[in-house]
Amino acid sequence: MEGKREEGKWEGHGREEAVRNSAFGRGKGRLSKIFDILPKSVFLDEFSMSKFYITTAIDYVNGSPHLGHAYEKVLTDVIARFRRLMGDDVYFLTGVDEHGQKVQQSAKAKGVPPQQFCDEVAGEFRALCARLAISNNDFIRTTEERHKKVVREILQKLYDKGEIYKAEYKGFYSTRQEQFLQDKDRNPDGTWPEIFGEVTEITESNYFFKLRSYQDWLISHLKENESFVFPRYRQKQVLEFLAEPLNDLCISRPKERLEWGIPLPFDENFVTYVWFDALVNYYSAVVDQPGIWPATFHVIGKDILVPPHAVYWPIMLKAAGIELPKSLLAHGWWSINGSKMSKSTGNFVDPVAFADQYGVDALRYFLIREMSVGQDSDFSQTQFAARYNSELANNLGNLVNRTLNMTNRFAAGVIPAGEVTDEVETELRALWEKTREEVIQLMEGFQFHIALERAFSFITATNAYIEKRAPWKLGKSTEAADLALLRTSLATMAEALRLSTALIQAVMPGTAEKINGVLGHTPTGTWREQLSWGQCLTGQKVAETAILFPRPQTKA
Ligand code: MSP
């Protein structure tokens, strides 16, 4: 009747492996291939508009945040920062989901009132956002009055319109788990699994939302808006789900079974089903600020696409006469040794420990570089350390150190003007132009992992340029031509470093700020202007040293 919200997550509706192999390919793809899978209308039309409202899912507060939650926030933050750089007027919302049985039970287990329990855990999620340099404009909690008020208004409106009715529901109920069960929950021999304890058939009155009467409308909406869900193959999953008749949605829980929720405005003996409450956050957070709704993207994990975000939410909005969000972006799962990371199984990584050990930008870099948006990834400490050492410390960190050391050693710490343009300079500059355009296009299509690979290839090419020019040899010469080449090489490496930094700043904002600082540089103008090769660093005094990616201190 109502999905599986209380006991876990909805599993996707099959065929993941086949789809994964055919649609995106694993890991690296060629640019031409990427445009085949881009949500074309989104890519061409939506990105030219200036208002960009983006949200994350709101996390349950029944446990502390883990790396999966951190990923969603970082991914959304990278998109938000990138869109701001592209000139959009971005509004970025995140927050927490605080009602429902799980939270009520967790608070009870700790022996504290639910509100106090929520305050503590919500504080942890808020702190995580600050720790991860998340640039959200707002943080919503579903226990806030501003939210509850809007949920009540929507419920009342739907009730008055006749979209909500009361009916009896008969089903098997597990008192231990406090949930209705379905036939698929049974053991193969027809008995109920041990975890459910005593199972009895009960009849209960509840309120139902007329989901079914909107099924045909939703199917047409999805067919007309092929890019409603990104990646596109997930839209097919939604349509597959809609191929079966929908049941109306039970949107209430009797107060004697669940107290921790928003009372129905038309019947105080019931509280609102937690998804019906939680989904409204995207709207309640901005309802008083004209011009923000509808959302451009709701960023969510694949487990909560069908049915809550792709079925309940659009139908709730349609029935209430509210504009629909433009798109949903469903990302994959982080796993450890192949099993989904989750707090309840104890199989998780603490993002704060990693940020403390390696630095927050190293964590952000890894999450975005390692996972292809939409696909799953396995988290391994070895892989993290390998990328940290080879890509951050030995490639980017090395370029920063060389630039500072050589500028101090051969030019008294002041970046000289470039004077010569030989083949090596022309090649590096051409590579820059190509890299910049590719990276922007890749980021527009959420192909951040490939975008970072391209940006770091340019950093590798800059280090190779330094090897070719060998300023340490030129510095020993007294020939005027060699000294002009020396100055050129110093100017070129500093400019290439400045540009690379500007290109990756949405992913590594703190690092970008540090690098600009040691180069004596304050970026000005639009991002496009910042990304054009020039001589704006000439005459800047650089710092003596910078330690960006130190050897990690403690073990995460
Ligand atoms: N409260 C609901 C969402 C309501 S949105 C109106 C919920 N909360 S959650 O805490 O379980 O998950 C929050 C988000 O984190 C979801 O988008 C979920 O997919 C994501 N992740 C949770 N575990 C994850 C991984 N192991 N990997 C990546 N993201 C996953 O669902």
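The values are calculated or read from the model by the stated rules, or taken from the named source; none is laboratory data. What you see is a predicted model; the values in this text were computed from it and never measured. Note that each Cβ is placed from the backbone with ideal geometry, even for glycine, and that neighbours are counted across all protein chains shown. Note: areas computed on protein heavy atoms with side chains; ligands, DNA, RNA excluded. Shrake-Rupley method; radii C 1.70, N 1.55, O 1.52, S 1.80 Å.
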From P263, P254, residue being open to solvent by less than 30 Å² (accessible area, probe 1.4 Å) and under 20 Å from R152 (Cα atoms): P254
Restricting the search to the range 503-556, which residues are polar (S, T, N, Q) and either more than 26 Å from the chain's Cα centre (by Cα) or not in a loop (DSSP other than H, G, I, E, B) (or both)? T511, N516, T522, T524, Q530, S532, Q535, T538, Q540, T545, Q553, T554
Could you name every one of the helices (runs of 4 or more DSSP H) located completely within the range 230-285 that has at least 1 residues being more than 15 Å from the ligand (Cβ to nearest atom) and over 15 Å from I164 (Cα atoms)? 232-242
On the given criteria, is E226 without any contact (Cβ under 8 Å) to a residue 12 or more places away in the chain and not in a helix (DSSP H, G or I)? no
Answer with yes or no whether H331 is in contact (Cβ under 8 Å) with a residue 40 or more places away in the chain and over 22 Å from V151 (Cβ atoms). yes
Pull out all pairs, ordered by first then second residue, where Cβ-Cβ is under 6 Å, the residues are six or more apart or on different chains, the first lies in the range 357-370 and is assigned to a helix (DSSP H, G or I) and open to solvent by less than 10 Å² (accessible area, probe 1.4 Å), and the second is of a type in the set (K, R) and at pLDDT 95 or above. F366/R387
Among the residues that make up the range 91-104, is at least one of them at pLDDT 95 or above, open to solvent by 40 Å² or more (accessible area, probe 1.4 Å), farther than 21 Å from D277 by Cα and not in a loop (DSSP other than H, G, I, E, B)? no
If L305 satisfies every condition in (1) within 16 Å of the ligand (Cβ to nearest atom); (2) crowded, with 21+ Cβ neighbours inside 10 Å; (3) within 20 Å of I140 (Cα to Cα) but one, which is the exception? (3)
Considering each residue of the range 286-302, count those that are under 24 Å from D376 (Cα atoms) and either open to solvent by 10 Å² or more (accessible area, probe 1.4 Å) or more than 11 Å from the ligand (Cβ to nearest atom) (or both), and give that number. 3
Is there a residue being touching a Phe, Trp or Tyr at 6+ places or on another chain (Cβ under 7 Å), within 16 Å of the ligand (Cβ to nearest atom) and open to solvent by less than 10 Å² (accessible area, probe 1.4 Å) anywhere in the range 390-401? no
Tell me which strands (runs of 3 or more DSSP E) are completely within the range 126-199 and hold 2 or more residues being in contact (Cβ under 8 Å) with a residue 12 or more places away in the chain and under 26 Å from the mean Cα position of the chain (by Cα), or say none if there are none. 138-141
